[in-house]
Amino acid sequence: MSATQFTYIFIATLAFTTLVRLWLARRHLAHIAAHRAAVPDAFREQIQLIDHQKAADYTTAKTRFAMLGIQFDAALLLVFTVGGGIQWIANLCQGWFSQPLIQGMATLVAVLLLSSLLEAPFNLYRTFRIEARFGFNNMTFKLYLADALKGLLVGSVLGLPLLAGVLWLMGRMDEYWWLYVWSVWIVFNLLILFIYPSFIAPLFNKFSPLQDEAMKARIEALLARCGFTSSGLFVMDGSRRSAHGNAYFTGFGKTKRIVFFDTLLARLSVSEVEAVLAHELGHFKHHHVMKRIALTFAMSLGFLWLLGMLMQTSWFYQGLGVNPSTSSGQAHTALALLLFFMVMPVFSFFISPIMSAYSRRHEFEADAYAAQQTDSGELVNALVKLYQDNAATLTPDPLYSKFYDSHPPAAVRINNLQTQ
């Protein structure tokens with residue numbers, strides 16, 4: 001394959017996937033608008049029309065704004081690749097630094113920081129305009145900046161040593177470097193799973209032990225029935241940033257924690273919280289987390305092997321606007337790594353519905369487990385409240401949902417629960 005041919009393939013694929021994503025979004029908007037005037041029959045006794053319309057308007061605002069983001073991301077990717085942006089940044093870094101490893105790291109970091117800065121206005125608008133307009137944002141601009149700075153610091157402390165190690169392995173381990181990098185990647189991810197609950201999450205949120213003794217006793221009884229052990233039950237100050245509610249497991253092995261957003265506990269009854277937790281325990285019982293981790297590791301191995309093949313070709317670099325002859329050593333491998341992970345989402349877009357279907361299957365299994373351990377009606381009540389409080393649309397476009405939704409549509413999920 002020539003560099004010109006690959007350039008045409010890349011641009012055509014990017015254009016096609018961008019148009020498909022915009023078409024799916026328009027379908028989604030049209031479907032929501034067509035069902036805005038009436039609450040679906042299954043929810044008429046629980047959700048008022050005004051709340052249904054709020055959810056429709058909220059989803060519409062987010063989707064329209066996401067369409068702008070889709071076009072911006074496509075344009076930015078073209079500027080960085082065939083437009084010569086990455087090559088220009090690489091040339092600057094080569095002029096500033098003499099060591100190839102430092103050159104490569106500087107190029108990667110510069111591109112990532114520039115991308116983040118360019119995308120920051122979108123994040124700000126989403127948080128302080130859309131989320132605020134619908135009553136969900138509780139975050140101040142000061143807190144937003146503090147989170148960003150903390151995220152940058154944590155990313156630097158953890159990410160820079162990993163990046164240096166990966167680039168060193170890519171440059172020194174010959175043709176099978178991808179096996180060594182994959183091993184390091186696995187160890188790094190498992191380490192993050194261990195340290196996240198105790199060292200990273202507390203940097204951003206306050207976690208307090210659950211104080212409600214009645215709820216605590218009921219939850220501990222459920223955990224005992226399900227054979228689940230954790231290092232504690234915690235309440236997170238989610239209301240400090242958002243009115244959205246959630247509950248989740250975090251950690252790995254003995255560091256597992258159960259975390260409830262304070263917004264969730266304020267809205268749900270004890271029996272409803274128990275049902276939501278039983279759903280999360282269903283993921284544990286069916287080993288969903290481990291399956292997803294294993295799948296992620298398997299896919300990362302395949303991607304690294306593919307990168308190893310592409311690194312040996314000149315058309316991969318030149319077709320994406322980079323001249324491989326201008327760099328060497330770790331600077332050369334850094335460009336390959338950067339290019340690969342920037343364009344891979346374009347070529348893997350149509351895997352999305354497969355991954356979403358896999359995730360929805362897990363949700364059905366977790367719901368079934370929750371129905372066995374608790375009253376399925378309580379889970380239905382909890383879900384309806386969460387859909388209402390989070391202004392999640394009850395009428396997503398079916399095709400859009402198949403591509404993007406990791407959870408089944410509300411009507412499908414609740415109907416399935418009611419037949420348990």
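Only the coordinates and a few stated rules stand behind these numbers; no lab work does. These figures come from a predicted structure and were not determined experimentally. Positions of Cβ are backbone-derived with ideal geometry, glycine not excepted, and every protein chain shown enters the neighbour counts.
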Problem set entry | Dimensionless Rg/Rh of segment 352-410 - Kirkwood Rh, Rg from C-alpha atoms | 1.00
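Normalised by the number of residues in segment 175-310, what is the relative contact order in percent for Cα pairs under 8 Å and 6+ residues apart?
Taking the mean separation of contacting Cα pairs over the length of segment 175-310, I get 27 percent.
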Problem set entry | Computed log₁₀ I(q)/I(0) - Debye formula, equal Cα scatterers, no solvent, segment 24-130, q 0.23 Å⁻¹ | -1.16
Exercise. Under unit Cβ charges (Lys, Arg +1; Asp, Glu -1), what dipole magnitude, rounded to 20 debye, does segment 175-310 have relative to its Cα centre?
Worked result: 60 debye
Exercise. Of 86, 296, 370, whose Cα points farthest to the positive end of the dipole of the chain (charges on the beta-carbon: +1 Lys, Arg; -1 Asp, Glu; origin at the Cα centre)?
Worked result: 86
For this session: Within the chain, what's the longest run with no trypsin sites (Lys or Arg not before Pro) in a DSSP loop and at most 13 other beta-carbon atoms within 10 Å? Give the range, please.
Result: 207-420
Seminar exercise, completed: Counting sequence-distant residues (5 or more places) and residues on other chains, those with an amide H built under 5 Å from that of residue 138 are 242, 243
Exercise. Can you list residues whose amide H is under 5 Å from residue 233's amide H, if they're 5+ apart or on another chain and H is modeled 1.01 Å from N?
Worked result: 210
Exercise. Counting DSSP beta bridges with both partners in the chain, what percentage is antiparallel, nearest 5?
Worked result: 65 percent
Problem set entry | Check: the chain dipole with +1 on Lys, Arg Cβ and -1 on Asp, Glu Cβ, in debye | 360 debye
For this session: Please label the shape of segment 1-65 as rounded, prolate or oblate, based on the square roots a ≥ b ≥ c of the eigenvalues of the alpha-carbon gyration tensor (a/c under 1.5 means rounded; beyond that, a/b larger than b/c means prolate, else oblate).
Result: prolate
Problem set entry | Over 25 Å [Cα-Cα, segment 301-420], rounded percent | 48 percent
For this session: Would you be so kind as to identify which of 333, 205, 349 lies farthest towards the positive end of the dipole of the chain, taking Lys and Arg as +1 and Asp and Glu as -1 on Cβ and the Cα centre as origin?
Result: 333
Problem set entry | Cα gyration tensor category, rounded, prolate or oblate, for segment 175-310 with a/c compared to 1.5 | prolate
Exercise. Using Cα pairs under 8 angstrom and six or more residues apart, how large is the relative contact order of the chain, in percent?
Worked result: 26 percent
Exercise. How many lysine pairs are close in the chain, with Cα atoms under 24 Å apart and the two 8 or more places apart or on different chains?
Worked result: 23
For this session: Answer with one residue from 160, 321, 43: the one whose Cα lies farthest towards the positive end of the charge dipole of the chain, charges on Cβ with Lys, Arg +1 and Asp, Glu -1.
Result: 321
Seminar exercise, completed: Least to most buried among 181, 187, by other C-beta atoms within 10 Å and fewest first, runs 187, 181
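I'd like the antiparallel share, as a percent to the nearest 5, of DSSP beta bridges with both residues in segment 175-310.
Details: 7 of 11 bridges.
Here the share of antiparallel DSSP bridges comes out near 65 percent.
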For this session: Output ³J(HN,Hα) for segment 384-397: one whole-Hz value per residue in order, computed from phi by the Karplus curve 6.51 cos²θ - 1.76 cosθ + 1.60 with θ = phi - 60°, and x for Gly and Pro.
Result: 4, 4, 5, 4, 5, 5, 8, 6, 7, 5, 8, 10, x, 5
